[in-house]
Amino acid sequence: MNEISKVKGSIQIGEFAHLTQNFSVWYNEYPEAQKDRFWKSINEELEEKTAKLVTAFKKDKTVSGLQAADALRDEKISALYAAIDGYKKLPIQKKAEAAKKVSPCLDKYRGISRLDFATESTQIASLLEDLAMSEIAEALGELDGVGEIVEALKEAEKNFLAEEKALTIGKTEGGKTASELRKQLLSTVNDKLIPYLNVAVLIDEAVYGEIVKKVSLEVNEANSKIAQRAKKTSD
């Protein structure tokens with residue numbers, strides 16, 4: 001039986017988490033293997049590190065989501081200012097006058113997009129309250145499309161707050177990144193699990209043979225994907 005190859009260090013984090021989750025599932029499918037105390041300790045370490053990696057991976061994705069959500073609300077704020085400034089210059093008196101009523105309200109918040117996340121959220125909440133005041137709301141109603149921009153800003157801010165909450169919940173112990181945790185998990189897989197299984201199957205193929213075949217096949221497929229991606233990059 002061929003030895004299990006080591007997992008390449010450049011494996012994508014999501015793929016690696018899926019791979020190690022499968023290792024644990026297969027371990028639990030074989031009662032005889034579970035009698036192996038050494039393998040049991042490796043699997044416990046594997047499950048613990050995999051869980052941390054998954055949490056950190058979600059956190060890293062959430063950071064990207066938060067940045068995208070902030071960019072979206074900034075986009076809506078810019079659109080609001082551009083619309084009001086445009087209406088002020090419009091040669092239609094009723095529209096221009098309505099825009100001039102709204103303009104002083106917006107002037108208080110110019111530069112809002114350059115503030116830190118928390119302060120910007122506070123200022124957006126205040127801005128939306130001001131825009132909802134009867135006189136301002138009435139003026140906005142005269143300006144085609146501006147009401148839709150305000151609603152889009154509300155939704156963008158709601159989305160940002162949801163992403164921010166998810167990031168807070170998803171913080172990992174010790175603040176380790178998914179990349180750092182991947183290295184730790186790679187060490188467990190490549191330096192402990194795989195060398196052990198390669199020896200164990202030689203001693204007792206009846207107990208370890210099937211699971212070693214599964215692990216070997218899965219690792220080879222993962223490494224093949226990595227090689228294919230690397231080839232595409234170099235071409």
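The values are calculated or read from the model by the stated rules, or taken from the named source; none is laboratory data. Remember, it's a predicted structure, so these values are computed and weren't measured experimentally. A quick note on method: Cβ atoms are made from the backbone with ideal geometry, for glycine too, and the neighbour counts reach across all protein chains shown. Quick note on the areas: whole protein, heavy atoms, side chains included, nothing else; ligands and nucleic acids left out. Shrake-Rupley method; radii C 1.70, N 1.55, O 1.52, S 1.80 Å.
Mean residue ellipticity, 222 nm, helices only, the chain: the sum of -39500 (n - 2.57) across DSSP H runs of n ≥ 4, divided by residue count and rounded to 500, is -26500 deg cm²/dmol.
Whole Å is fine, so just give me how far the alpha carbon centre of the range 177-235 lies from that of the range 75-93. So the separation of the two Cα centres works out to 58 Å.
Atom-type composition of the exposed protein surface of the range 48-151 places 55 percent of the accessible area on carbon and sulfur (1.4 angstrom probe).
Quote to one decimal, in nm, the extra length available between Ala230 and Glu180 on full extension: 0.36 nm per residue of separation minus the C-alpha distance between them. Going from the current span to full extension adds 15.8 nm.
Listed by chain and number, the aspartates and glutamates whose C-alpha is less than 13 Å from the C-alpha of Lys94, apart from same-chain residues fewer than 8 away, are Glu138, Glu142, Asp144. The mean sequence distance of close C-alpha pairs (under 8 Å, at least 6 residues apart), as a share of the length of the chain, puts its relative contact order at 39 percent. Per residue, the average separation of C-alpha pairs within less than 8 Å and at least 6 apart gives the range 101-190 a relative contact order of 23 percent.
With a threshold of 29 Å on the Cα-Cα distance, the over-threshold entries among Lys58/Lys154; Lys35/Lys225; Lys6/Lys58; Lys49/Lys214 are Lys35/Lys225.
Probe radius 1.4 Å, ligands and nucleic acids left out: which of Glu32, Glu157, Glu138 has the largest accessible area, and how do the rest follow?
Heavy-atom accessible area, descending, gives Glu138, Glu32, Glu157.
Under 19 Å Cα to Cα from Lys101, which lysines show up? Leave out anything in the same chain fewer than 8 places away. Of all the lysines, those that pass the test against Lys101 - Cα under 19 Å, at least 8 places apart if same chain - are Lys88, Lys89.
Ranked by the mean number of other Cβ atoms within 10 Å of their residues, highest first, the peptides 109-118, 142-151 come out as 142-151, 109-118. For the range 1-122, averaging the sequence separation of C-alpha pairs within contact (under 8 Å, six or more residues apart) and dividing by the residue count gives a relative contact order of 16 percent. Global size of the range 1-103: 28.2, 86 Å for Rg and Dmax (C-alpha atoms, Rg to one decimal, Dmax whole). Computed from the Cα positions only, the extents of the chain along the three principal axes stand at 90, 40, 25 Å, in decreasing order. Normalised per residue, the accessible area of the chain is 57 Å², obtained with a 1.4 Å probe and no contribution from ligands, DNA or RNA.
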